[in-house]
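I have placed the structure first, in the form of structure tokens, so that the comments after it can refer back to it.
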2 protein chains.
Amino acid sequence: MSKPELDDTDRHILRVLQTDARMPNTELADEIGLTPAPTLRRVRRLEEEGIISRYVALLDPKQVGRDLMVFVRVTLDKQTKQGFETFAEQMRGRPEVLECYLCLGDTDYQLKVCVADLDAYQRFLVDVLAAIPGVRNTASTIAVKQEKYTTSLALE
Amino acid sequence: MSKPELDDTDRHILRVLQTDARMPNTELADEIGLTPAPTLRRVRRLEEEGIISRYVALLDPKQVGRDLMVFVRVTLDKQTKQGFETFAEQMRGRPEVLECYLCLGDTDYQLKVCVADLDAYQRFLVDVLAAIPGVRNTASTIAVKQEKYTTSLALE
DNA sequence: GATGAAAATTAACCTGA
DNA sequence: TCAGGTTAATTTTCATC
């Protein structure tokens with residue numbers, strides 16, 4: 001918590017680590033123009049404050065056979081707090097659902113789902129989504145080709 | 001290229017590194033039940049084959065002031081190869097566009113856009129998207145709350 | 001920001017199925 | 001022969017000054 005004061009050096013660190021989370025601290029220090037000790041202190045502070053939430057390895061979906069990405073817009077029958085929490089809870093428990101957002105407008109939830117193929121997606125739609133009480137309608141947009149993918153947030 | 005043969009140990013490694021990319025090799029070795037040397041050899045192989053595409057730090061969007069996530073469906077005027085490539089190229093050059101997919105159905109492109117606030121989003125819509133020749137229509141779904149976010153692909 | 005002890009990485013070599 | 005284990009030199013981390 002406290003003040004998420006980020007100076008230029010912090011942003012520089014974040015920019016680098018968003019691209020290469022495994023860069024050794026010595027090299028990172030070199031890159032941002034400090035010595036290793038203060039660099040490490042800054043990184044630890046960014047971690048402790050939760051500005052860096054975690055470090056992950058990104059896999060090539062094709063090579064692990066998870067090549068089909070689908071964006072799903074879901075509307076629920078009744079907009080009760082209960083129904084919403086149940087739905088979100090179900091999504092958290094499904095490994096093929098990578099992202100789930102509560103939304104404004106016609107769409108109640110926007111999902112990003114990653115599965116092996118259309119067959120697996122059809123099963124997700126029928127056995128998982130349609131089986132959740134309160135789901136009124138779903139609209140799926142099937143991705144054919146990934147033109148861009150990054151997890152890196154631009155820090156002006 | 002070659003054969004992306006993954007055995008149970010490989011999948012175990014990938015599962016762990018997708019959750020914590022910075023786990024020391026010694027600890028990873030312990031976790032998967034091998035000694036450090038063969039563990040490291042497997043990790044290097046997964047990196048070289050591109051199965052692990054990269055290691056990244058994930059930031060908390062709130063704490064870096066990029067709190068507004070928007071999913072945009074875009075349709076283009078003419079479905080010419082030229083027009084599509086131009087559009088994709090523009091998206092690759094825009095830091096607020098985190099993801100861009102060519103899609104089946106009514107939607108030509110599905111975007112995931114991350115900006116600071118509605119004001120910044122409006123500027124993106126008007127100055128960037130609408131300014132690209134061939135963009136016929138856009139439909140934005142504004143995310144209010146992130147219920148789930150992971151980059152981790154389930155490896156059965 | 002510098003120093004040095006402790007830990008992790010990694011290459012070279014060994015072993016057994 | 002191939003995957004895993006062992007060892008030891010190098011590099012990195014990180015607490016203390």
Over all directions, how big on average is the projection of the convex hull of the alpha-carbon atoms in segment A:8-49, in square nanometres? 2.6
Taking the Cα centre of chain A as origin and charging only Cβ (+1 Lys, Arg; -1 Asp, Glu), how large is the dipole, in debye to the nearest 20? 300
With no solvent and one point on each alpha carbon, what is the Debye value of log10 I(q)/I(0) for chain A at q = 0.11 Å⁻¹? -0.63
Other protein chain Cβ atoms within 10 Å, averaged over every residue that makes up B:44-53: 3
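Average partner chain C-beta neighbours within 10 Å, per residue of A:137-146? All intermediate terms of the calculation are to be shown ahead of the outcome.
On the way: counts 0, 0, 4, 3, 10, 6, 9, 5, 7, 4.
Partner-chain Cβ atoms within 10 Å, mean over residues of A:137-146: 5.
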Find every distance from the label point of B:D7 to the corresponding label point in the other copies (7 Å from Cα along Cα→Cβ) and write them in nm, one decimal, shortest first. 5.2
Could you point to the residue in A:V113, A:P38, B:Q122 farthest towards the positive end of the protein assembly as shown's charge dipole, with +1 and -1 charges on the Cβ of Lys/Arg and Asp/Glu respectively? B:Q122
Could you work out the helix-only [θ] at 222 nm for chain B, with each DSSP H run of four or more residues adding -39,500 (n - 2.57) and the total divided by the number of residues, to the nearest 500 deg cm²/dmol? -9500 deg cm²/dmol
Please work out the Cα center distance from segment A:91-116 to segment B:89-132, rounded to the nearest Å. 19
With +1 on the Cβ of every Lys and Arg and -1 on the Cβ of every Asp and Glu, and nothing else charged, how large is the dipole of segment A:25-107 about its Cα centre, in debye rounded to the nearest 20? 200
Would you list which lysines come within 30 Å of A:K78, measuring only between C-alpha atoms, while excluding same-chain residues fewer than 8 positions from it? A:K112, B:K62, B:K112, B:K145, B:K148
When only Cα pairs under 8 Å and 6 or more residues apart are kept, what is the percent relative contact order across segment B:61-142? 48
Extending each Cα 7 Å along its Cβ direction at B:V126 and B:K78, get the distance between those two points in nm, one decimal. 2.9
Find, among the residues of chain A, the one whose Cβ sits nearest the axis of the rotation taking A to B; state the distance in whole Å. A:A21, 3
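Bear in mind that the values in this text are calculations on the coordinates, not laboratory data. As the structure is a prediction and not an experimental result, all values here were calculated from the model. Cβ coordinates were reconstructed from backbone atoms using ideal geometry, including for glycine residues, and neighbour counts include every protein chain displayed.
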